[in-house]
Amino acid sequence: MQYPSIFSTTVNPLFLCMTRWVRLGLAGICLAGLSVAAQAQTDEDTARKAAQELRMLVTEGTGVIGDLQPAINSGKTTKDQVAPDALVEQFKARYQKAAGAALDIKAPGLIGDTRRAYLQAFTAVVTRFQANLTKGGQDAFVPAFFRAQSLNDFNKSMQGKLQAYATNRDGELINGDWAVSKVMKGSPLAGEVTKLMATGDLEPVVKRSGSTVMGYYPMKLAAACVACHAQNGLKQKEGAFGGALVAQVPVK
């Protein structure tokens, strides 16, 4: 994932405001994670495919906002450019290029549910924050904030059939609300994710853990993210570990 600009310390007032938005969004994610055990379960093969599907959806969806970041930060977006329909079309185009096939939201089963829930979340978030996207300004709408909001909406829609989390190591957090202990509270995967992140390894891990399939996908820091974070006192390197996206799917 090339747009993980979610992990930095900052004194920018706009960004501090944004972290308050993130706290509100993460509360819903944590609560959603508590209900996983009670949800209908799927087979392991389908769970693995759904985890990978989530990764692609989140990567390409967040990439839309990442592509727009220079224009957003400089306040040079136009209403037509950031209109919900336009952004949805950009997302679908990115998805098709990455997947080699168009986004099929009529697909059956868990894969279809995952696509529909993410598309709905993507659309809802870019609609909800049209004012921020249109007005712009430094840190007015960063990829990380978009990701947090969209995962919050996504998790609510999925009702435990698949849950998604974005988190990072304690020393690279914006604030404590990004910690595994907060984001993944109640998740049976919290301990494993903490250990995996500690290594800083960039290889994905997809495996069964008890009655859950975990998709653990490290995020690499892009050059733009490193430069932005450096302005706020965090020294990082392009291509280095920048947190992880985690998919959690209950299985039979």
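The values are calculated or read from the model by the stated rules, or taken from the named source; none is laboratory data. Everything numeric in this text was worked out from a predicted model, so none of it was measured. Virtual Cβ from ideal backbone geometry, glycine too; neighbours counted across all protein chains shown.
Among the residues making up the stretch 188-237, those that are at pLDDT below 90, within 17 Å of the chain's Cα centre (by Cα) and either among the charged types (D, E, K, R) or not in a helix (DSSP H, G or I) (or both) are Lys220, Leu221, Ala222.
Of all residues in the stretch 141-164, those that are part of a loop (DSSP other than H, G, I, E, B), at pLDDT 95 or above and of a type in the set (A, V, I, L, M) total 1. Each residue in the stretch 81-115 was checked for being part of a helix (DSSP H, G or I), surrounded by fewer than 16 Cβ atoms within 10 Å (Cβ to Cβ) and not aliphatic (A, V, I, L, M), and 7 of them qualify. Out of all the residues in the stretch 119-140, is one or more surrounded by 15 or more Cβ atoms within 10 Å (Cβ to Cβ), among the hydrophobic types (A, V, I, L, M, F, W, C), more than 13 Å from Asp153 (Cα to Cα) and at pLDDT below 95? Checked the stretch 119-140: at least one residue is surrounded by 15 or more Cβ atoms within 10 Å (Cβ to Cβ), among the hydrophobic types (A, V, I, L, M, F, W, C), more than 13 Å from Asp153 (Cα to Cα) and at pLDDT below 95.
So that you can scan it fast, the table gives a plain yes or no per residue for (1) touching a residue at least 60 places away in the same chain (Cβ under 8 Å); (2) crowded, with 20+ Cβ neighbours inside 10 Å; (3) in contact with a Cys (Cβ under 7 Å, 6 or more places away or on another chain); (4) under 25 Å from Leu119 (Cβ atoms):
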residue	(1), (2), (3), (4)
Gly171	no, no, no, no
Ser211	yes, no, no, no
Ala223	no, no, no, no
Gln248	yes, yes, no, yes
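Here are the criteria: (1) in contact with a Leu (Cβ under 9 Å, 6 or more places away or on another chain); (2) at pLDDT 95 or above; (3) part of a loop (DSSP other than H, G, I, E, B). Tell me which single one Lys185 does not satisfy. For Lys185, the failing item is (2).
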